[in-house]
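Worksheet: the structure to be examined is printed underneath.
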Amino acid sequence: MKAVKFSKYGDFESIEMVDAEVPKPKPNQVLIKMKCSSLNAMEWHLFRGVLLAKMKTGFPQPKLKHQILGADIAGIVEAVGSEVTKFKKGDAVFGEDFTGAFAEFVLADQESVSIKPELVSFEQAAISPVAGLTALTGLREICKVEKGDKVIVNGGSGGVGSYAVLIAKYYGAEVTAVCSAKNSEFVKSLGADHVIDYNTTDFCATQKKYKWIIEVTGNRTPKEIKPILEPGGKCAVIGFTTAKHLMRYMFSFSKKIKMVNQIASPENLAELSKILASGKVVMPITDRFELKDVGEGIKKISTRRTTGKMLVNIDNSTV
């Protein structure tokens with residue numbers, strides 16, 4: 001099979017298309033012939049070798065088993081392990097697993113994937129798992145968003161932020177998105193009721209309060225966030241711009257501020273599947289890359305100026 005791997009942290013020259021053996025599923029795994037995947041900020045962080053990532057992927061350079069990036073999965077089950085009970089060969093599935101989705105075949109634990117809704121395209125399925133499940137975890141498990149709630153998404157135009165806007169609107173919330181002026185029309189197209197340009201307005205200083213805050217950029221401190229929370233409200237923290245901000249959140253010890261530890265639980269994956277099947281949550285695909293061009297996609301993500309989601313087409317990729 002063809003796969004895209006990298007061998008040196010932060011070295012774009014080390015990203016290359018290679019021939020690799022098709023992996024064999026363990027008892028609880030399924031082998032999936034990939035149709036599509038997508039690019040996330042996560043791939044950029046793993047590629048550049050942030051400290052927390054290196055603790056898993058290896059020092060001083062990534063271990064061989066972690067050199068194929070990609071987690072978003074959408075494809076057809078090719079084979080199943082001896083203990084798999086949920087899937088059979090030929091099933092169309094989607095989900096996430098950190099076993100290297102930028103390849104023509106990928107392994108996934110059976111708990112990490114779900115049957116793709118029939119009317120949902122492979123493309124929409126492929127771009128949803130990492131970003132969609134991360135946003136869903138913040139909105140559903142931490143914030144428990146309901147109809148009529150006021151939600152603000154700081155960083156509403158990126159992958160996770162866009163899904164946060166879409167899913168919050170699906171739940172019937174009143175949504176404010178914080179982004180740059182050039183992305184205001186984009187977040188409005190997602191359904192945002194209000195847009196704040198972070199270049200001209202500090203949303204923490206407007207004195208307007210929100211029940212739920214989805215903090216995607218991670219550039220606001222707990223001290224800034226707490227005063228704009230309604231009584232009983234919470235902030236779900238997803239991203240960080242610096243290690244300093246991360247440490248502030250980790251040691252805030254506030255019951256109002258919780259860090260999102262996104263895990264593709266069967267329950268959340270089933271909820272995401274239901275949301276996608278409704279047809280009410282459709283994410284714009286703003287860029288498309290062939291498998292061989294994954295490196296260019298990671299370069300684009302590194303600019304921190306992307307909107308929506310970036311698709312990786314695998315089924316028709318060329319060397």
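Is it the case that some residue within segment 56-69 is aliphatic (A, V, I, L, M), closer than 27 Å to Met247 by Cα and open to solvent by less than 50 Å² (accessible area, probe 1.4 Å)?
Yes, that holds for at least one residue.
Can you name the number of the only condition in (1) assigned to a loop (DSSP other than H, G, I, E, B); (2) crowded, with 21+ Cβ neighbours inside 10 Å that Gly218 fails?
Here Gly218 clears every test but (2).
Quick check on Lys182: is it free of Cβ contacts under 8 Å to residues at least 12 places away in the same chain, open to solvent by 10 Å² or more (accessible area, probe 1.4 Å) and outside any strand (DSSP E or B)?
It is true that Lys182 is free of Cβ contacts under 8 Å to residues at least 12 places away in the same chain, open to solvent by 10 Å² or more (accessible area, probe 1.4 Å) and outside any strand (DSSP E or B).
Quick one: is Lys116 surrounded by fewer than 20 Cβ atoms within 10 Å (Cβ to Cβ) and modelled with pLDDT of 95 or more?
no
Scan segment 70-96 residue by residue and report those that are under 22 Å from Ile127 (Cβ atoms), open to solvent by less than 20 Å² (accessible area, probe 1.4 Å) and not aromatic (Phe, Trp, Tyr).
Gly70, Ala71, Asp72, Ile73, Ala74, Gly75, Val77, Val93, Gly95, Glu96, listed by residue number.
Per-residue answers, yes or no, for (1) closer than 22 Å to Glu290 by Cα; (2) over 20 Å from the mean Cα position of the chain (by Cα); (3) among the small types (Gly, Ala, Ser); (4) not in a helix (DSSP H, G or I):
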site	(1), (2), (3), (4)
Lys8	yes, yes, no, yes
Met17	yes, yes, no, yes
Pro27	no, yes, no, yes
Val30	no, yes, no, yes
Lys33	yes, yes, no, yes
Cys36	yes, no, no, yes
Glu43	yes, no, no, no
Ala53	no, no, yes, no
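Please give the number of the condition Ile76 fails out of (1) in a helix (DSSP H, G or I); (2) over 16 Å from Gly295 (Cα atoms); (3) touching a residue at least 24 places away in the same chain (Cβ under 8 Å).
(1)
Are any residues in segment 22-66 more than 28 Å from Met283 (Cβ to Cβ) and touching a helix residue (DSSP H, G or I) at 6+ places or on another chain (Cβ under 7 Å), and if so, which ones?
Those that are more than 28 Å from Met283 (Cβ to Cβ) and touching a helix residue (DSSP H, G or I) at 6+ places or on another chain (Cβ under 7 Å): Asn28, Gly58, Lys63.
Output the residue which, of all residues in segment 197-228 that are among the aliphatic types (A, V, I, L, M) and over 24 Å from the mean Cα position of the chain (by Cα), is nearest to Val145 (Cα to Cα).
Looking at the filtered set, the residue picked out is Ile228.
Can you name every one of the helices (runs of 4 or more DSSP H) wholly within segment 230-318 that holds 1 or more residues which are at pLDDT 95 or above and buried (at least 19 other Cβ atoms within 10 Å of the Cβ)?
The helices (runs of 4 or more DSSP H) meeting that bar are 266-277, 294-302.
Is it the case that segment 35-51 has a residue that's free of Cβ contacts under 8 Å to residues at least 40 places away in the same chain and either at positive phi or of a type in the set (S, T, N, Q) (or both)?
no
Specify the residue that is surrounded by the most Cβ atoms within 10 Å (Cβ to Cβ); the eligible residues are those in segment 14-55 that are farther than 17 Å from Glu96 by Cβ and touching a strand residue (DSSP E or B) at 6+ places or on another chain (Cβ under 6 Å).
Met17
Condition first: in a helix (DSSP H, G or I) and of a type in the set (D, E, K, R). Can you find one or more residues in segment 188-197 that meet it?
Within segment 188-197, one or more residues are in a helix (DSSP H, G or I) and of a type in the set (D, E, K, R).
The values are calculated or read from the model by the stated rules, or taken from the named source; none is laboratory data. These figures come from a predicted structure and were not determined experimentally. As a convention, Cβ positions derive from the backbone with ideal geometry for all residues, glycine included, and neighbour counts pool all protein chains shown. Please note that ligands, DNA and RNA were not included when accessible areas were found on the heavy atoms of the full protein model with its side chains. Shrake-Rupley method; radii C 1.70, N 1.55, O 1.52, S 1.80 Å.
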